[in-house]
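**Q** Before anything else, here's the structure in question.
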Amino acid sequence: TYPEGEGPFKTIIISNGLYAYFGRYADKAQRYTTYGYAVIEFQFQNGTAPSPYHDPDYLGDFIYEQVLDLYAVLDGAKKVPEVDIENIYLFGHSMGGLVASYVGTMRQTEIKGLILNDPSYYAVKIMKFKEEKTIRTDIYPLISRCYIPVVIISGTKASCVPPSKQFDQARASLPYSEYYVIEGATHTFNGEYGDQVVDISVERIQRWEKEGR
């Protein structure tokens, strides 16, 4: 999704939540274009919900397949003329926020910052692997090495955990992070809450640029 005018454009790559359908974030993509950003939306190869619905049996394998998919999208984005390869940001929602955290840390020299919407960090505690039994899933030691700026956005109705406490460990681990709670927002950030997510993240990106981050 491109804004008006000639590129290349600063670009947001959206990492979907668990089984989120393609186009689920189209409203947010359109709003980003009003600020002059291009947006890349894609479907994870394992991102279609099974019927009957059930959570992944081996969440570790599932997440790492998505990490590899996001690697491929990041590589492909660099070949798109409209994408400013010096200004790529990862937007991750829910499980997609967990995926974006892994990719953002491992490839931080290629990414300017992370926009994380209620990232599902709790999932690392329940990851199981079918094939690979030795992969470490500790997210907090990993993101402690992530030196690009990060904004975590949550809502007052997004979790049973008090919003002020929900991401304490993540915020303590990340070297440069900001945290914002949207009053009334649920985990899905639909409607006006989705607009606020975009507005908040753009304001943060503009501030990061002024600070030279």
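The values are calculated or read from the model by the stated rules, or taken from the named source; none is laboratory data. Please read all numbers here as calculations on a predicted model, not as lab measurements. As a convention, Cβ positions derive from the backbone with ideal geometry for all residues, glycine included, and neighbour counts pool all protein chains shown. SASA here: full protein model, heavy atoms, side chains in, ligands and nucleic acids out. Shrake-Rupley method; radii C 1.70, N 1.55, O 1.52, S 1.80 Å.
**Q** Summing Lys, Arg as +1 and Asp, Glu as -1, what charge do residues with Cβ under 11 Å from the Cβ of Ile148 carry, Ile148 excluded?
**A** Once positives and negatives cancel, what remains is +3.
**Q** Would you mind listing how long region 78-143 runs along its three principal axes, going by Cα atoms, in whole Å with the largest first?
**A** Projected onto its principal axes, the Cα set of region 78-143 covers 40, 25, 20 Å.
**Q** Under 8 Å for C-alpha pairs, at least 6 residues apart: give me the relative contact order for the chain, rounded to a whole percent. Present the calculation step by step, with values, prior to reporting the outcome.
**A** Working: 376 pairs, mean separation 40.9, N = 213.
About 19 percent, as a whole number.
**Q** Counting only protein heavy atoms and using a 1.4 Å probe, what share of the accessible area of the chain belongs to carbon plus sulfur, as a whole percent?
**A** 50 percent
**Q** Now, a different point. If you add up the charges near His187, with Lys and Arg at +1 and Asp and Glu at -1, over every other residue whose beta carbon is less than 14 angstrom from its beta carbon, what do you get? Could you put the intermediate results ahead of the total?
**A** Numbers: positive: Arg24, Lys157; negative: Asp118.
Every neighbour counted, the sum reads +1.
**Q** Excluding Gly7 itself, calculate the net charge of residues whose Cβ lies under 11 Å from the Cβ of Gly7, where each Lys or Arg counts +1 and each Asp or Glu counts -1.
**A** -3
**Q** Report the relative contact order of region 1-98, percent, no decimals, based on alpha-carbon pairs under 8 angstrom and at least 6 residues apart. Let's see the in-between values first.
**A** Values: 138 pairs, mean separation 46.6, N = 98.
Reported relative contact order: 48 percent.
**Q** Can you give me the span-like helices of the chain, meaning DSSP H runs with 24 Å or more of Cα extent along the axis and Kyte-Doolittle mean at or above -1.0?
**A** 59-77
**Q** Rg(Cα) of region 98-213 divided by 2.2 N^0.38 Å?
**A** Working: Rg = 14.7 Å, N = 116, 2.2 N^0.38 = 13.4 Å.
Here the Cα radius of gyration is 1.10 times the empirical estimate.
**Q** If the label point is 7 Å along Cα→Cβ of Ala172, which residues in region 146-161 have backbone nitrogen under 20 Å from it?
**A** Residues passing the 20 Å test: 146-147, 150-154, 160-161.
**Q** Rounded if a/c is under 1.5, else prolate if a/b beats b/c, else oblate: with a ≥ b ≥ c from the C-alpha gyration tensor eigenvalues square-rooted, which is region 31-105?
**A** Here region 31-105 falls in the prolate category.
**Q** Taking Cα centroids, how far is region 179-208 from region 37-92 in Å?
**A** Rounded to whole Å, the Cα centres lie 21 Å apart.
**Q** On a straight-distance basis, which aspartates and glutamates could pair with Lys165 in a cross-link, Cα separation under 18 angstrom, same-chain partners fewer than 8 positions away excluded?
**A** Asp118, Glu178, Glu183
**Q** Based solely on C-alpha atoms, express the radius of gyration and the Dmax of the chain in angstrom.
**A** 16.3, 49
**Q** Can you give the accessible area per residue of the chain, in Å², using a 1.4 Å probe?
**A** 48 Å²
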